[in-house]
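Report on the structure given below.
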Amino acid sequence: MTYTDRYAVIAGRLRELLAEGMDLDGDAVRTIDSLIGPGSGPELAEAVGRGDDAESQSILELICFPDETLQARLEPLLADAQLGPDDEEEILARLTDPPPTARFTFPDGRGTAEFPLPQDAAAAFLARLHIDRNPAPRLVEAVAAAAPPDLQKRFRVKLRNCRFQWSEPRIDFLDLLFQNIDFVVRDPGDLLDFALSLFHELPDTRDLWSAVSAKKQLYVETLEKAARFEEQRRGKTMETLVMQGVRIPHVDAADVAGRLELLDALCLAVFGITPPVERIAEVDLGPIEGDEDLKRVIRMLS
């Protein structure tokens, strides 16, 4: 495939995907309803077609986000093309001449909106595909070796969507994860999502063991503080606690415990062990080593 051909092929595939359509998620539907009121698909198309008013621009900004399913269908072409930053403009020119038809379907039976996608909206949609963020070759090879075929495109899309810079320690870490991912959790995509979210939060360091150990310590301390607060508030009103100067933690114990479970699973896959922790609270949560321990902690904090 020549450079010119690959631009036309990718633009053509994008036209097909936009014409086949995407489902609006719940957040998008609620925002659309707040802007133009509960309406049908044709009414949404009419609102978007009004042009440059604030409502139509807000709606287009909201709905022109490709989901992972659409990205996975495009991924084989992007993997072959290995595009760079200068290629996006060439693809956009072919995608928007003439403007592509886009379809967006309400999930609650209100029909489908179909309309020509304006230039700015098409540019935003294309930018969100991250066509020039090619995953590190070693990770692509690791995914091909470890993941079943139905997960390979999904994993490559997750890697393509990362906003951080790839470094050798991060690549080494994920390489080890892919080698062991099938043996750790039922849905390996959840574990990969969590690993990538950690990379967005943690500094780029060669000592990832210390970094994830510190993160685990933070999770455990958060749970212990929440447990201590639960003991303090037994038999007292919230007003009494405030008058006594008790700090009220805003903690979703189930979410933190779930993150703790994923972090331990991640460390078992990559390092073969889980990080130790130091307890700081008077409340003894006991050992936190598996599903039953995590469920027990959640019950204590509920």
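What follows draws every value from the coordinates through simple rules; no lab data is involved. No experiment lies behind these values; they were computed from the predicted model shown. In this analysis, Cβ positions are derived from the backbone assuming ideal geometry, glycine residues included, and neighbour counts consider all displayed protein chains.
The overall shape of the range 72-124 is oblate: from the C-alpha gyration tensor, with semi-axes ordered a ≥ b ≥ c, the ratio a/c is 1.5 or greater and a/b is no larger than b/c. Centre-to-centre separation between the Cα atoms of the range 1-70 and those of the range 108-175: 18 Å.
Listed peptides 80-86, 118-124, 262-268 appear in the order 262-268, 118-124, 80-86 once ranked by packing, highest mean of other Cβ atoms within 10 Å at the front. Among A122, I59, P135, whose Cα lies farthest out toward the positive end of the dipole of the range 55-135, if unit charges sit on the beta carbon of Lys, Arg (+1) and Asp, Glu (-1)? Comparing the listed Cα positions along the dipole, I59 ranks first. A simple rule links phi to the HN-Hα coupling: the Karplus curve 6.51 cos²θ - 1.76 cosθ + 1.60 with θ = phi - 60°, which for the range 150-163 gives 6, 9, 4, 5, 4, 5, 5, 5, 4, 5, 5, 7, 5, 9 Hz, with x for Gly and Pro.
Computed 3J(HN,Hα) for the range 116-133, one whole-Hz value per residue from the Karplus formula 6.51 cos²θ - 1.76 cosθ + 1.60 where θ = phi - 60°, is x, 7, x, 4, 5, 5, 5, 5, 5, 4, 5, 4, 6, 7, 6, 5, 9, 8, glycine and proline marked x. Quick check on the range 137-201: take the gyration tensor over C-alpha atoms, sort the square-rooted eigenvalues as a ≥ b ≥ c, and tell me if it's rounded (a/c under 1.5), prolate or oblate. In terms of gyration-tensor shape, rounded.
Cβ-to-Cβ counts within 10 Å put H250, H200 in ascending order as H250, H200, the fewest first.
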